[in-house]
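The values are calculated or read from the model by the stated rules, or taken from the named source; none is laboratory data. Note that the structure is a prediction, hence the values are computed from the model and not measured. Here the Cβ positions follow ideal geometry from the backbone for every residue, glycine too, while neighbour counts run over all protein chains shown. Remember, those area values only see protein heavy atoms, side chains included, never the ligands or the DNA or RNA. Shrake-Rupley method; radii C 1.70, N 1.55, O 1.52, S 1.80 Å.
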Amino acid sequence: MTSTVPNLGPDKVSLGVTPTLWWNDDFPLIDIGVPFEQCVSEMALAGFQGCSIGHKYPKSAVALKEALDLRGLKVSEPWVSTYFSIGEKDRTIANFKERLEFLKEVGGQDIVVAEFGKSSHLQPIPVFKHRPHFTEAEWDLLTSGLNEIGKLAAEGGMRLCYHHHMGTGVQSAQDIDRLMTGTNEEHVHLLFDTGHLQLAGDDPLETAERHKGRIKHVHLKNVRQSVAEKVKSGNLSFEEGIREGVFTVPGDPQGMIDFRPILTTLGNAGFEGWLVVEAEQDPAQACPLKHAKMARAYLTETLGW
C-alpha cells in the first residue's frame, strides 16, 4: 500500500487511542461499565500502539505498565489540569511533579496539560456562553507558569504539550496564537486537537499550518457539524454536546474534518510523535471497538500502514 501522506511512517509516528471511546473521564456517568482490561485489550485488538491514561486505569505505575506491556501498548500521555490563572501555582506544580514521576515509571515522553482555571466545560451550563476570557494578568500567570513546568519537564527528558480545550481560556485559534507567543518554544509545545478547534469554530488546517513547528502531539477527533451547530445555537453544555454526539472518530462518514491536508502539513513539517485517535462519545450509542477499528482502518488507508 502506498502512503498518501509524506513523512509519517512508523519510524516517525506512533498511533494511539484514548479511553474516551469506552467511557468518559470528565463525566463518569457516561459509561456502560466497560472495565479497564477490556478497554486496553480492545485498543490492542484494533491495532493501536498506545493510549492515554483514563480514570479506570491502575494507580500503580508497576501494575499499569505490566497490563499495557502484556498487550503491546505504551502510554501516549498522562493528563495534568493546571490552575495558574486563578493563583494556584504551588498546587499545580506539585501535581505536575507527581505526574512526571509517574510518567517516568510507566515509560513515556509527553505530558499533557490544560488550564482549567475558570473553565466552564465541566459545568452544566452553556459551554460557549460561559467560556472564560483571561485578563492580561491571568494570561501572564498562565504563560509564566507553563514556562516553569515546561522547563521541569525538559529537565526530566519529557515534553510538555499544551491541550487547547472547549470551555477554557484557551479555546480558539486566537487563544492558541496568544499562548504560543507568550511561552518558550523550547519548553512549551502544542497538543493539537482537531475536534476541539473545529467545534470552537476555527479551521484546524489553518492553525496546523501556523503552528506546525510547535505541534508535538496530536489528537485526531472528528466533528458532526450539525450537532456542533446545535451546541452553539442551542446553548448546550459540553456534556450535552457529547451526549448528542458532537464528536466522532476519523473515518466516520458523519464527520466533516478532512484529515489528509492536516496530516500532510505535519508530515512536511517533520512531525515526530503520537497521533492519538480521540472521540468523546457515549459508548451506549457508539460501539467503542467498532469506532476504534473504523479509525484505525482510516489511518491505514491514509498513512499507508
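Table for the structure above
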{"quantity": "Qualifying residue in segment 264-274 (condition: modelled with pLDDT of 95 or more, surrounded by fewer than 23 Cβ atoms within 10 Å (Cβ to Cβ), on the phi > 0 side of the Ramachandran plot and touching a His at 6+ places or on another chain (Cβ under 6 Å))", "calculated": "yes"}
{"quantity": "Boolean, K232 is closer than 23 Å to D90 by Cα and open to solvent by 20 Å² or more (accessible area, probe 1.4 Å)", "calculated": "no"}
{"quantity": "Residue match in segment 71-81 (condition: assigned to a helix (DSSP H, G or I), out of contact with any Phe, Trp or Tyr (no Cβ under 8 Å at 6 or more places or on another chain) and over 21 Å from V218 (Cβ atoms))", "calculated": "no"}
{"quantity": "Any helices (runs of 4 or more DSSP H) falling wholly within segment 86-196 and containing at least 1 residues that are surrounded by 22 or more Cβ atoms within 10 Å (Cβ to Cβ) and in contact (Cβ under 8 Å) with a residue 40 or more places away in the chain", "calculated": "89-106, 136-155"}
{"quantity": "The one condition in (1) out of contact with any Cys (no Cβ under 9 Å at 6 or more places or on another chain); (2) within 20 Å of W23 (Cβ to Cβ); (3) in a strand (DSSP E or B) that A286 fails to fulfil", "calculated": "(3)"}
{"quantity": "Those residues of segment 32-42 which are surrounded by fewer than 16 Cβ atoms within 10 Å (Cβ to Cβ) and not in a helix (DSSP H, G or I), in sequence order", "calculated": "I32, G33, P35"}
{"quantity": "Any hit, segment 16-24, residues being open to solvent by 50 Å² or more (accessible area, probe 1.4 Å) and of a type outside the set (D, E)", "calculated": "no"}
{"quantity": "Scan of segment 64-78 for residues that are surrounded by 13 or more Cβ atoms within 10 Å (Cβ to Cβ) and either in contact with a helix residue (DSSP H, G or I) (Cβ under 6 Å, 6 or more places away or on another chain) or free of Cβ contacts under 8 Å to residues at least 60 places away in the same chain (or both), ordered by number", "calculated": "L64, K65, A67, L68, R71, L73, V75, P78"}
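Condition check ((1) modelled with pLDDT of 95 or more; (2) closer than 26 Å to V5 by Cβ; (3) outside any strand (DSSP E or B)) across all residues:
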position: V218; (1), (2), (3): yes, yes, no
position: E229; (1), (2), (3): yes, no, yes
position: N235; (1), (2), (3): yes, no, yes
position: G251; (1), (2), (3): yes, yes, yes
position: I257; (1), (2), (3): yes, yes, yes
